[in-house]
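*Asks:* Quick one: the structure is below, and I'll ask about it shortly.
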Amino acid sequence: MRTFTTEEIARATGGVASGHAEVTNVVIDNREAGPGSLFIAIKGERLDGHTFIDSAIEAGATAVLCHKDVECAVPTVRVQDTTKAFLDLARSYRQEFDIPVVALTGSVGKTTTKEMIWCVLNAKFHAHKTYKNWNNEIGLPKVLLRLEPEHTALVVELGMNHKGEISTLSKTALPDLGVITNVGVSHIENLGSREGILAAKLELLDGMEPGSPILLNKDNDMLSKVELPDYKVVWFAIHDQTADVRAEDIEYLDDTTRFTAVTPEGSCSVELPTTGEHNVYDALAAIAVGRELDIPLSDAAAALKQYRPAGMRENIVEKGGVTVIEDCYNASPDSMKAMAETLMLKGAPGRRKIAVIGDMLELGDYAEEAHALAGQYMAEAGVDLLITYGPMSRFAAEAARAHGLLRVFDFQDKGDLIRQLTSMLKPGDVVAVKGSRGMQMEEIIQNIYENIEE
């Protein structure tokens, strides 16, 4: 981030500066403050940053942005709302960069798609990207304010829980190109229906200029119906042969996926260092982005070969003869189905496939049906053993049994689950662990590793 003066910050945020200071970075956590820092006193649901102003100054903060009257020993910028001011400052800084900005959203697969797009962008640009899970009204400004002069492209992930959030984020990032991976049921508790989810995802357009490219998954039943005459709609798909970018001749191997990417300009063989149909969709979105930014298809294919899973998203670990698929960052019925498909693609025939699933959160009245659907997916995929954890996952267990899966274990205590699972594991097993972040399924994975003998 370049150096800002308090006067510039006031102009960008509609605030009033009291005193002059120059800042070289922005923090919202007093523990991260230091010389040259602007400390923004964000008022959250649990904590009010205004109570930490003194400690931020003690740590070296050079200036403070606040929405309350405060007395402190450094210059201040007084605004109406510090959260909005944080977004305003980030938007102002983003506008200083004349670079292509790609923004994406979707019910599942956002982070994987973001990482693949970043790989493809780097075939031509020096690309910046969303870090960790910084995809909300606090995270996105952090990402934008970390843009540096050497960055020549940007890809950001936009998340949401409620109506209006993606609109705010899009108006902050001001994307030149948008991507919607799919519309599922994540956050249906807050948005009421899949139609409500679709409308929320389409808020991505609110920060885009008319005529801008918007890339949509044509195989998704909700997105395929969308008509956007004011934008350049680009379709990607596996099954719909009318899509602009599509995959043919897909081959799922033990640790890789191969397919032919087909575009109006030609085709190219693609190899991904991961497996599963959902990853093919993510790669197609990345290829479509590259196509819009004049990145040759062969360069995009070479870049995708360098993709590596991020965080706890389908990270595959081999330990003591057991293959563990770590996929505990989030969960929805769509991603549960994808996990089951990935599990069945892993390993040689005859290896035992074990699915360990936890509750999917934020599904409201749809929760019981969603969990039953997840259990049905596990049975239809043909997993050998299903282990469920959590009060709602019992519906997954019941549905799996009803659809013919014989070996199903339902647990409400994580300790009991861990003891049962670790006593059953043997070399050759393939285990996939998935659940919503709040279920802390990584604890199960850690115990698996601790109990496997090398």
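*Asks:* Here is a check on your reading of the model: is residue 143 within 22 Å of residue 232 (Cβ to Cβ) and either in contact with a Phe, Trp or Tyr (Cβ under 9 Å, 6 or more places away or on another chain) or not in a loop (DSSP other than H, G, I, E, B) (or both)?
*Replies:* no
*Asks:* Is there any pair linking a residue in segment 121-141 that is in contact (Cβ under 8 Å) with a residue 12 or more places away in the chain and among the hydrophobic types (A, V, I, L, M, F, W, C) to one that is in a loop (DSSP other than H, G, I, E, B) and open to solvent by 40 Å² or more (accessible area, probe 1.4 Å), with Cβ under 6 Å and at least six apart or on different chains, and which?
*Replies:* From segment 121-141, the pairs are 125/152.
*Asks:* Additional query: Quick check on segment 91-104. Is at least one of its residues modelled with pLDDT under 95, of a type in the set (A, V, I, L, M, F, W, C) and under 30 Å from residue 434 (Cα atoms)?
*Replies:* No; the residues of segment 91-104 include none that is modelled with pLDDT under 95, of a type in the set (A, V, I, L, M, F, W, C) and under 30 Å from residue 434 (Cα atoms).
*Asks:* Filter segment 359-378 down to the residues that are surrounded by 22 or more Cβ atoms within 10 Å (Cβ to Cβ) and closer than 27 Å to residue 253 by Cα and list them by number.
*Replies:* 374, 375, 377, 378 - these are the residues of segment 359-378 that are surrounded by 22 or more Cβ atoms within 10 Å (Cβ to Cβ) and closer than 27 Å to residue 253 by Cα.
*Asks:* Of the conditions (1) in contact (Cβ under 8 Å) with a residue 60 or more places away in the chain; (2) open to solvent by 30 Å² or more (accessible area, probe 1.4 Å), residue 428 fails just one. Which one is it?
*Replies:* Among (1) in contact (Cβ under 8 Å) with a residue 60 or more places away in the chain; (2) open to solvent by 30 Å² or more (accessible area, probe 1.4 Å), residue 428 violates only (2).
*Asks:* Quickly run through segment 219-230 and pick out the residues that are of a type outside the set (Asp, Glu), within 16 Å of residue 178 (Cβ to Cβ) and open to solvent by 50 Å² or more (accessible area, probe 1.4 Å).
*Replies:* Across segment 219-230, the qualifying residue is only 229.
*Asks:* Let me ask another. Filter segment 182-219 for residues that are modelled with pLDDT of 95 or more and of a type outside the set (A, V, I, L, M, F, W, C) and give the result.
*Replies:* 201, 203, 206, 207, 209, 210, 211, 212, 213, 217, 218, 219 - these are the residues of segment 182-219 that are modelled with pLDDT of 95 or more and of a type outside the set (A, V, I, L, M, F, W, C).
*Asks:* Return a yes/no flag: does segment 440-454 have any residue that is within 30 Å of residue 193 (Cα to Cα) and buried (at least 24 other Cβ atoms within 10 Å of the Cβ).
*Replies:* Yes, the conditions are met somewhere in segment 440-454.
*Asks:* What number of residues within segment 308-324 satisfy the criterion of being under 25 Å from residue 261 (Cβ atoms) and crowded, with 22+ Cβ neighbours inside 10 Å?
*Replies:* 1
*Asks:* Something else about it: If we only count helices (runs of 4 or more DSSP H) wholly inside segment 6-108, which ones have 2 or more residues that are more than 29 Å from residue 152 (Cα to Cα) and open to solvent by less than 40 Å² (accessible area, probe 1.4 Å)?
*Replies:* 53-58
*Asks:* Specify which of the listed residues (415, 404, 375) is among the small types (Gly, Ala, Ser) and in a loop (DSSP other than H, G, I, E, B).
*Replies:* Selected residue: 404, the only one of 415, 404, 375 that is among the small types (Gly, Ala, Ser) and in a loop (DSSP other than H, G, I, E, B).
The values are calculated or read from the model by the stated rules, or taken from the named source; none is laboratory data. A quick note: this is a predicted structure, and the numbers were derived from the prediction, not measured. All Cβ positions, even for glycine, are placed from backbone atoms using ideal geometry, and neighbour counts span all protein chains on display. When the accessible area is computed, the model is the full protein with side chains, heavy atoms only, and any ligands, DNA or RNA have been set aside. Shrake-Rupley method; radii C 1.70, N 1.55, O 1.52, S 1.80 Å.
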